[in-house]
Every structure is written in structure tokens, then in C-alpha cells.
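Values in this text are rule-based calculations from the coordinates and carry no lab data. All values reported here derive from a predicted model rather than from experimental measurement. Quick reminder, even Gly has a Cβ in these numbers, built from the backbone with ideal geometry, and neighbours come from all protein chains shown.
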Amino acid sequence: MTDAILGVLIGGLLTGSGTWLAMWLQHKKWKAEQKIRILESKRQRLEDLSSDTLSALSKGMKGNSYSSDMMSNIQIIFPRHVSDKFDEFMKKKDKSELELKHGYYGIALEIKRALADIDKEIEDLLK
């Protein structure tokens with residue numbers, strides 16, 4: 001009789017483990033989908049903000065007057081490497097027209113790199 005009970009227990013465990021494994025795999029897939037959704041939303045926000053920020057940056061460079069909104073977006077919302085590049089540009093005292101162009105290009109490059117980094121994260125999650 002103990003062999004029968006042991007057989008029933010082992011059979012029940014094997015049957016139940018398939019269900020738990022399927023639930024675990026489904027949960028793992030759901031978490032990956034949620035991460036992708038969040039990253040896509042973050043990317044869209046940054047992409048929308050980047051065009052406004054670059055436009056405001058260009059205007060600020062022309063008049064040497066930078067909007068607080070643009071600067072706070074760079075410092076808070078964009079990744080660290082973007083704000084570091086902006087800070088590096090702002091520390092320069094006398095900026096020639098060539099330095100303004102290089103500064104704009106460097107900041108724009110870092111903003112695009114931030115978008116590419118999010119694309120890479122999404123791509124890695126899809127593998």
C-alpha cells in the first residue's frame with residue numbers, strides 16, 4: 001500500500017510540475033513584454049523630447065541664452081552621458097562659431113546614442 005501512495009505522490013508531483021513550469025515560463029514572458037513596453041514608451045518620450053531640446057539648444061546657442069526647461073530636461077530626463085556632454089560644452093568660456101557647431105553636434109550625438117541604447121536594450125530582450 002505504501003508503494004501505491006508513493007506512486008500517486010510522485011505522479012501528482014510530475015503532473016503538477018508541468019503546470020508550474022508553464023506558469024513560470026508565462027510569467028517570464030510577461031515580464032519581458034512589460035520591460036519592452038516600458039522601454040518603447042521611454043524611447044518615444046525621449047525621441048519626442050530630443051527634437052524640442054535640440055531646437056531649443058540651437059536657439060540658445062544663437063542668442064547665448066538657454067531655456068531653463070531645456071537645461072533641466074538635459075540634466076534630469078536624458079541619460080548621464082548627455083548631461084555630461086552638455087556640461088562640458090557649457091564650461092567653455094568664449095565659444096567661436098565652430099565650437100558652437102561642434103558642441104551642438106556632440107550633444108546631438110549623445111542624444112542619438114541614448115535612443116540607440118534603448119533600441120539595443122529592446123533588441124537584447126527580444127533575443
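Taking only pairs six or more apart or across chains, which ones have beta-carbon atoms under 8 Å, a first residue in the range 97-120 that is at negative phi and among the acidic types (Asp, Glu), and a second residue that is surrounded by fewer than 13 Cβ atoms within 10 Å (Cβ to Cβ) and not in a helix (DSSP H, G or I)?
99/92
I'd like to check something: does the range 37-60 contain any residue that is loosely packed, with under 10 Cβ neighbours inside 10 Å and either among the hydrophobic types (A, V, I, L, M, F, W, C) or over 23 Å from residue 127 (Cβ atoms) (or both)? Steps first, please.
Of the residues in the range 37-60, the ones loosely packed, with under 10 Cβ neighbours inside 10 Å are none.
Within the range 37-60 (the criterion being loosely packed, with under 10 Cβ neighbours inside 10 Å and either among the hydrophobic types (A, V, I, L, M, F, W, C) or over 23 Å from residue 127 (Cβ atoms) (or both)), the answer is no, since none of the residues qualifies.
Being within 23 Å of residue 122 (Cβ to Cβ), surrounded by 10 or more Cβ atoms within 10 Å (Cβ to Cβ) and of a type in the set (Ser, Thr, Tyr), is that true of even one residue in the range 7-28?
no
How many residues does the range 70-104 hold that are among the hydroxyl-bearing types (Ser, Thr, Tyr), closer than 15 Å to residue 60 by Cβ and loosely packed, with under 12 Cβ neighbours inside 10 Å?
Looking only at that region, the number is 1.
For the range 96-112, check the following and say yes or no: at least one residue is in a loop (DSSP other than H, G, I, E, B) and either over 14 Å from residue 54 (Cα atoms) or among the acidic types (Asp, Glu) (or both).
Of the residues in the range 96-112, the ones in a loop (DSSP other than H, G, I, E, B) are 96.
Those still in the list that are either over 14 Å from residue 54 (Cα atoms) or among the acidic types (Asp, Glu) (or both) too: 96.
Yes, some residue in the range 96-112 is in a loop (DSSP other than H, G, I, E, B) and either over 14 Å from residue 54 (Cα atoms) or among the acidic types (Asp, Glu) (or both).
State all residues of the range 60-93 that are within 14 Å of residue 49 (Cα to Cα), of a type in the set (A, V, I, L, M, F, W, C) and touching a helix residue (DSSP H, G or I) at 6+ places or on another chain (Cβ under 7 Å); if no residue qualifies, say none.
Residues satisfying the conditions are 70, 74, 77, 78, 82.
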